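Report on the following structure.
The values are calculated or read from the model by the stated rules, or taken from the named source; none is laboratory data. In this text, all values refer to a predicted model and were calculated from it rather than measured experimentally. Backbone-built Cβ (ideal geometry, glycine too); neighbour counts: all protein chains shown.
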Amino acid sequence: MKTPSYYGFWHHLGNRLLKLFSWLVLLFLILPILVIVPLSFNAEPFFSFTEGMLRLQPDAWSLRWYEQVFSDPRWLLAIKNSFIIGFFATLLATVLGTCAAVGLARAEMPLRRFITALLLSPMIVPLIITAAGMFFFYSSLNLAGSHLGVIIAHAALGTPFVIITVTATLTGFDYSLARAALNLGASPLRVFLDVILPLIRPGVISGALFAFITSFDEVVVVLFMAGPQQRTIPRQMFSGLREQINPSILAVATLLILLSIVLLLTLELLRRRAERMRGIEIPQ
Amino acid sequence: MTILTRAEAGQASVSRRKKRLLAFAFVVPLLLFLLLSFVAPIASMLWRSVYHPTVAELIPITLERLGQWDGTGTPEPATLAVFVEELHGLAKERRSGKLAEELNRTQAGMSSMVKSTARRVGRLSPEELQQQGVQTLLDAHRNWSRTETWLAVQRAGQVYTYNYYLTALDLELHPEHGIQARDTEIYRQLYAKTLKMALAITALCALLGYPLAYYLASLPSNRANLLLVLVLLPFWTSLLVRTTAWIALLQTNGVINSFLQGIGLIAAPFEMLYTSFATVLAMTHILLPFMILPLYSVMRGIDPSYLRAALSLGARPLPAFARIYFPMTLPGLSAGALLVFIISVGYYITPALVGGTDGQMISNIIAFHMQSSNNWELAAALGSLLLALILLLYWVYDRFVGAGSIKLG
């Protein structure tokens with residue numbers, strides 16, 4: 001920070017302390033996550049660093065927990081389920097959410113405030129309430145304990161994120177482009193697919209990523225509603241943490257951290273591209 | 001001023017209505033989807049907290065006859081005979097345990113009374129049932145001749161009931177004194193604890209997040225974006241991963257304890273995991289980005305020249321900050337604080353994994369009644385109180401911040 005001449009001693013000191021404090025908070029945010037990565041290479045079945053690891057002895061480090069994860073049929077089923085459920089839930093949430101966001105962004109939308117609040121409520125209502133309600137309701141429809149039930153539930157939880165991100169790209173959207181296309185004889189569907197969609201694509205993609213991670217990370221609904229055949233990665237981690245803690249959970253956690261880094265980078269690239277493309281900023 | 005003819009005005013209103021319908025048509029698919037997949041399940045659960053036909057299905061005729069009873073003394077022998085007959089039937093079908101459980105919820109102690117009576121009544125042959133059924137009942141437990149017992153049966157048999165709300169608020173219905181407080185406070189204390197913990201988490205998030213957001217906002221934008229990645233990575237990392245991290249850190253033989261022991265600062269490990277401290281700490285870590293992001297985006301928009309002007313005009317730094325800068329950041333602070341508070345009040349996973357018995361919140365007791373004690377109606381009543389609180393907070397959020405302006409990453 002530049003410090004102008006009217007800054008006194010205390011102000012300088014204050015700035016130093018602020019910087020120190022901020023870095024401590026950043027460390028508080030990031031260190032607990034980073035600690036997991038080396039722990040997952042532990043040769044012993046502990047959740048802490050062994051002496052050998054600290055002395056960097058090669059035999060204290062191993063890949064055994066990764067091998068265990070990839071040879072355990074329960075983990076393999078969980079990984080498969082997470083991706084299948086995540087994919088279809090994302091698809092459903094993205095299509096419905098994008099469509100709704102386009103409607104909400106129109107000036108003529110009636111009852112906009114109420115409907116927006118309603119559509120975003122899956123994000124706000126405590127998951128335990130959603131999960132309990134879905135358990136009763138979906139059981140009565142024979143949807144509990146099926147992939148379809150979990151997919152529908154996760155899609156419902158993911159739509160608010162799609163609405164938020166797509167709405168963000170739609171603010172400042174120039175509707176004269178759509179009107180021009182209509183005037184030139186394009187059908188409304190054509191206009192949507194060929195004019196509107198390409199322009200809001202960054203928002204749609206980041207919304208889809210959010211919807212995917214929502215489903216991929218969701219455990220409460222799965223806990224209540226899904227049967228053993230629908231166990232997902234977080235569900236498997238949850239029971240692992242409650243029943244038999246062993247570092248294979250840390251191995252999975254490390255892989256998930258990698259995945260979130262990839263997703264974060266993708267989003268950042270999208271954001272920059274969107275800024276370049278249209279000269280507008282997607283809010284941070 | 002242009003004056004429209006009647007036809008033109010009509011046309012304008014038709015086209016306006018068409019546009020409104022078109023806009024609405026885009027929203028309809030999602031609206032229907034959410035109504036069926038999300039709103040209906042929650043509504044049906046809320047319904048369950050007031051609609052409870054179980055007892056009415058178990059002893060329908062008894063309840064019908066009790067309806068004609070004046071509520072004093074003991075019901076007439078014919079009514080008791082009907083009850084014995086129905087109890088006999090239930091005992092034969094092995095369903096008397098359900099009745100015992102249900103009645104026990106209305107009046108503690110009735111479980112063993114109903115079970116032992118059902119065993120005795122169940123042994124009677126049809127003839128014995130006719131002749132000495134009522135006597136067997138009255139002999140089985142002296143409470144069967146008391147008025148309160150039958151009032152309790154009557155109350156348990158109500159199909160529409162607010163009893164579960166009374167229980168959820170630690171109240172009970174006394175036959176003479178009306179609604180009164182129960183001797184033991186469970187749920188009110190739990191609500192108070194949940195609110196206290198949520199408040200602590202929100203305060204911690206504000207205390208840690210505000211200075212960091214201020215620091216980030218004062219940096220040049222490319223450097224700030226780089227550091228912001230350190231905020232966003234935890235935001236994007238799985239909740240289970242972050243909770244796992246805290247378990248690894250806080251365990252008795254975990255990273256923090258072995259580190260502190262290794263450098264000789266402490267002799268014996270601290271017990272940190274499975275406490276409310278662990279819950280507050282882990283949830284502060286998990287929810288901190290929700291505080292930082294709105295604060296940062298508001299602070300980025302504040303022109304630093306306001307503060308510079310105050311300083312160069314001779315204001316001292318702290319008063320200048322408190323009176324010029326801080327009020328301008330209030331929208332971000334209140335948005336972040338409300339969001340963190342709303343999310344933490346209803347949190348389930350992290351308290352369940354790191355909280356032990358001490359760090360449980362209201363969500364965990366709802367889950368307990370759903371999964372272990374199978375008292376679904378009480379779970380629904382507790383859940384609807386929680387939901388009412390959340391919706392109230394959400395309404396406040398929507399009014400002052402706008403639900404549509406929630407920021408993500």
TODO: Mind listing just one residue for me: the one in segment B:243-279 that is buried (at least 23 other Cβ atoms within 10 Å of the Cβ) and β-branched (Val, Ile, Thr) and, of those, farthest from residue A:236 (Cα to Cα)?
DONE: B:279
Open item on the list: Could you go through segment B:27-43 and let me know if any residue there is of a type in the set (A, V, I, L, M, F, W, C) and either over 30 Å from residue A:161 (Cα atoms) or in contact with a strand residue (DSSP E or B) (Cβ under 6 Å, 6 or more places away or on another chain) (or both).
Closed with: no
TODO: Out of the residues in segment A:215-224 that are over 15 Å from residue B:347 (Cβ atoms) and facing another protein chain (nearest Cβ under 10 Å), state the one that is farthest from the chain's Cα centre (by Cα).
DONE: A:224
- [ ] Please identify the pairs in which a residue from segment B:212-231 that is more than 15 Å from residue A:15 (Cβ to Cβ) and facing chain A (nearest Cβ under 10 Å) has its Cβ atom under 8 Å from the Cβ atom of a residue that is among the polar types (S, T, N, Q) and not in a helix (DSSP H, G or I), counting only partners at least 6 apart or on another chain.
- [x] B:228/A:284
Open item on the list: Scan segment A:108-127 and tell me whether some residue there is over 25 Å from residue B:394 (Cβ atoms), among the aliphatic types (A, V, I, L, M) and surrounded by fewer than 22 Cβ atoms within 10 Å (Cβ to Cβ).
Closed with: no
TODO: Hand me the list of helices (runs of 4 or more DSSP H) wholly inside segment A:1-112 holding 1 or more residues that are over 30 Å from residue B:249 (Cα atoms), more than 7 Å from chain B (Cβ to nearest Cβ) and without any contact (Cβ under 8 Å) to a residue 40 or more places away in the chain.
DONE: A:9-39, A:73-104
Open item on the list: I want to confirm something. Restricting to segment B:165-180 and keeping residues that are without any contact (Cβ under 8 Å) to a residue 60 or more places away in the chain and in a loop (DSSP other than H, G, I, E, B), which single residue is nearest to residue B:385 (Cα to Cα)?
Closed with: B:170
Task: Top-ranked residue in segment B:303-347 [being surrounded by 16 or more Cβ atoms within 10 Å (Cβ to Cβ), among the aliphatic types (A, V, I, L, M) and more than 12 Å from chain A (Cβ to nearest Cβ); ranked as farthest from the chain's Cα centre (by Cα)] - done: B:324
- [ ] Just need a number here: residues in segment A:128-161 that are crowded, with 24+ Cβ neighbours inside 10 Å, of a type in the set (Gly, Ala, Ser) and farther than 13 Å from residue A:220 by Cα.
- [x] 4
- [ ] Taking residue B:200 as meeting all but one of (1) within 14 Å of chain A (Cβ to nearest Cβ); (2) farther than 30 Å from residue B:100 by Cβ, write down the number of the exception.
- [x] (1)
Task: Qualifying residue in segment B:40-51 (condition: closer than 28 Å to residue A:106 by Cβ, free of Cβ contacts under 8 Å to residues at least 60 places away in the same chain and either within 14 Å of chain A (Cβ to nearest Cβ) or of a type in the set (Ser, Thr, Tyr) (or both)) - done: yes
TODO: Check whether at least one residue in segment B:286-300 is in contact (Cβ under 8 Å) with a residue 12 or more places away in the chain and of a type in the set (Lys, Arg), and report yes or no.
DONE: yes
Open item on the list: Looking at A:128, A:115 in this structure, which one is under 30 Å from residue A:175 (Cα atoms) and either assigned to a helix (DSSP H, G or I) or touching a helix residue (DSSP H, G or I) at 6+ places or on another chain (Cβ under 7 Å) (or both)?
Closed with: A:115
Task: Wholly within segment A:150-241, helices (runs of 4 or more DSSP H) carrying at least 1 residues that are among the hydroxyl-bearing types (Ser, Thr, Tyr) - done: A:175-183, A:197-217
Task: Selection from segment A:28-53 of residues that are farther than 14 Å from residue B:230 by Cα and of a type outside the set (A, V, I, L, M, F, W, C) - done: A:38, A:40, A:42, A:44, A:45, A:48, A:50, A:51, A:52
TODO: Considering each of B:127, B:148, B:172, B:176 in turn, give the residue that is acidic (Asp, Glu), over 20 Å from residue B:48 (Cβ atoms) and in contact with a helix residue (DSSP H, G or I) (Cβ under 7 Å, 6 or more places away or on another chain).
DONE: B:172
Task: Which numbered condition residue B:245 misses (of (1) in contact (Cβ under 8 Å) with a residue 40 or more places away in the chain; (2) assigned to a helix (DSSP H, G or I); (3) not charged (D, E, K, R)) - done: (1)
Open item on the list: The conditions are (1) assigned to a helix (DSSP H, G or I); (2) under 20 Å from residue B:151 (Cβ atoms), and residue B:135 fails exactly one of them. Which is it?
Closed with: (2)
- [ ] Please verify whether segment B:107-117 includes one or more residues that are in contact with an Asp or Glu (Cβ under 7 Å, 6 or more places away or on another chain) and in a helix (DSSP H, G or I).
- [x] yes
- [ ] Check A:189, A:259, A:199 and return the single one that is surrounded by 13 or more Cβ atoms within 10 Å (Cβ to Cβ) and at pLDDT below 90.
- [x] A:199
Open item on the list: Please go through segment B:138-160 and give me each residue that is over 20 Å from residue B:61 (Cβ atoms) and outside any helix (DSSP H, G or I), ordered by number.
Closed with: B:141, B:146
Task: Verdict on residue B:90 being in contact (Cβ under 8 Å) with a residue 40 or more places away in the chain and surrounded by 16 or more Cβ atoms within 10 Å (Cβ to Cβ) - done: no
- [ ] Pick out, from segment B:6-59, the helices (runs of 4 or more DSSP H) lying fully within it that include 2 or more residues that are under 27 Å from residue A:100 (Cα atoms) and modelled with pLDDT of 90 or more.
- [x] B:6-34, B:40-48
